[in-house]
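S.K.: For reference, the structure I am asking about is given below.
The values are calculated or read from the model by the stated rules, or taken from the named source; none is laboratory data. Quantities reported herein were computed from a predicted structural model and do not represent experimental measurements. No Cβ is skipped: glycine too gets one built from the backbone with ideal geometry, and neighbour counts run over all protein chains shown. These accessible areas exclude ligands, DNA and RNA; they are computed on the full protein's heavy atoms, side chains included. Shrake-Rupley method; radii C 1.70, N 1.55, O 1.52, S 1.80 Å.
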Amino acid sequence: MPRYAQLVMGPAGSGKSTYCSTMLQHCEALGRAVQVVNLDPAAEFFSYPVMADIRELIEVDDVMEDDSLRFGPNGGLVFCMEYFANNFNWLEESLGHVEDDYILFDCPGQIELYTHLPVMKQLVEQLQQWEFRVCGVFLVDSQFMVESFKFISGILAALSAMISLEIPQINIMTKMDLLSKKAKKEIEKYLDPDMYSMIEDSTNILKSKMFKKLTKSICGLIDDYGMVRFLPFDRSDEESINIVLQHIDTTIQYGEDLEFKEPKEYEEDKSALVDEYFQDHLNE
């Protein structure tokens, strides 16, 4: 039997730990067994029980206080993650060998771990060797994504992780519950965006012709290949949580013994559910 894993990624402050806590509570309400593993050696607090905590192996504070290393916060975190990569046996012992496991891995927020360092890629490959079906879950703060040039920046961060890890990835806008009704209406266009319209929105911001041309090329690439789309995540709305979980479950084929859904039908259901979410909240 396969095992299942979500790698919960995203910039610092994007809501990774809150996502894990919310998803854990939601799955418990559904009667599903889900576990969480903390992989952030700099974590200070999280409001959920963990089956394994990387801080039992190594902590950033200990590395920074070591006089022989003299690392700062970022260097200390990179050192911790490289140490972790050399000690995957600790993770294997912590996870055990339970079939049909479903694990949420709460990952660090430093973007370099997903762009030019091999640590997270090595983790993915190790999990796959342990028969895990792995899905990347990339979070961005919806409050950050309400302007077109910021949205493009968020897309590039998500795209970097997707290309680096080479696994299926679901991209999520978090903290939808913190947006005003006006902001929710504004952000709806960014969930399934027309990237060419983003170019027009950025025209007044980008003064340099060179950067306008670069932005146009980036937007064209993303739009032509349909590479990045986002789902809304509202922790106060069970339907929103369930939509996200359904997408991830489909991606990793969780419950594959259940009735199969054709991709086209699934995409239509996805659009309908997202539209229904916005309709309900904008009419409140």
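S.K.: Which percent of the accessible heavy-atom area of segment 54-96 goes to carbon and sulfur, probe 1.4 angstrom?
M.R.: Here carbon and sulfur together make up 40 percent of the probe-accessible area.
S.K.: How large is the charge dipole for the chain, taken about the Cα centre, if only the Cβ atoms of Lys, Arg (+1) and Asp, Glu (-1) carry charge, to the nearest 20 debye?
M.R.: It works out to roughly 1440 debye.
S.K.: Give, in nm to one decimal, the length gained when the segment between Gln143 and Leu57 is fully stretched (0.36 nm per residue of separation minus the Cα-Cα distance).
M.R.: Working it through step by step, the gained length comes to 27.5 nm.
S.K.: With a 1.4 Å probe and every protein chain left in place, tell me how much accessible area Leu178 has, in Å² to the nearest 10.
M.R.: We get 110 Å² for Leu178.
S.K.: In a shell of Cβ-Cβ distance under 15 Å around Thr18, excluding Thr18 itself, what net charge do Lys and Arg (+1) and Asp and Glu (-1) give?
M.R.: Its environment carries a net charge of -4.
S.K.: Let a ≥ b ≥ c be the square roots of the eigenvalues of the Cα gyration tensor of the chain; is it rounded (a/c under 1.5), or, if not, prolate (a/b larger than b/c) or oblate?
M.R.: The shape class here is oblate.
S.K.: Which of Ala12, Pro108, Tyr254 sits closest to the plus end of the dipole of the chain, meaning its Cα is farthest towards the positive end, when Lys and Arg get +1 and Asp and Glu get -1 on the C-beta?
M.R.: Result: Ala12.
S.K.: Using 1/(1 + (r/R0)^6) with R0 = 41 angstrom and r between the beta carbons of Glu28 and Asp224, what's the FRET efficiency to the nearest 0.05?
M.R.: 0.50
S.K.: Assuming R0 = 41 Å, what is the FRET efficiency of Met1 and Met210, from their Cβ-Cβ distance, to the nearest 0.05?
M.R.: 0.15
S.K.: Counting heavy atoms of the protein chains only and a 1.4 Å probe, report the per residue accessible area for the chain as a whole number of Å².
M.R.: 50 Å²
S.K.: Taking amide H positions as placed in the peptide plane 1.01 Å from N, state which residues far from Arg235 in sequence (5 or more) or on other chains have amide H under 5 Å from it.
M.R.: Residues meeting the criterion, in which the H sits 1.01 Å from N, are Lys175, Met176, Asp177.
S.K.: Also, quick follow-up: Would you mind checking the pairs Lys185/Lys213; Lys181/Lys216; Lys16/Lys182; Lys150/Lys185; Lys150/Lys212 and listing those with alpha carbons more than 20 angstrom apart?
M.R.: Exceeds cut-off: Lys185/Lys213; Lys181/Lys216; Lys16/Lys182.
S.K.: 222 nm [θ] for the chain, helices only, -39500 (n - 2.57) per DSSP H run of 4+, per residue, to 500?
M.R.: When only DSSP H runs of four or more count, the value is -15000 deg cm²/dmol.
S.K.: Here's a follow-up. If R₀ is 22 angstrom, what is the calculated FRET efficiency for the pair Phe45 and Val98, using the beta carbon separation as r and rounding to 0.05?
M.R.: Working from the Cβ atoms, E equals 0.20.
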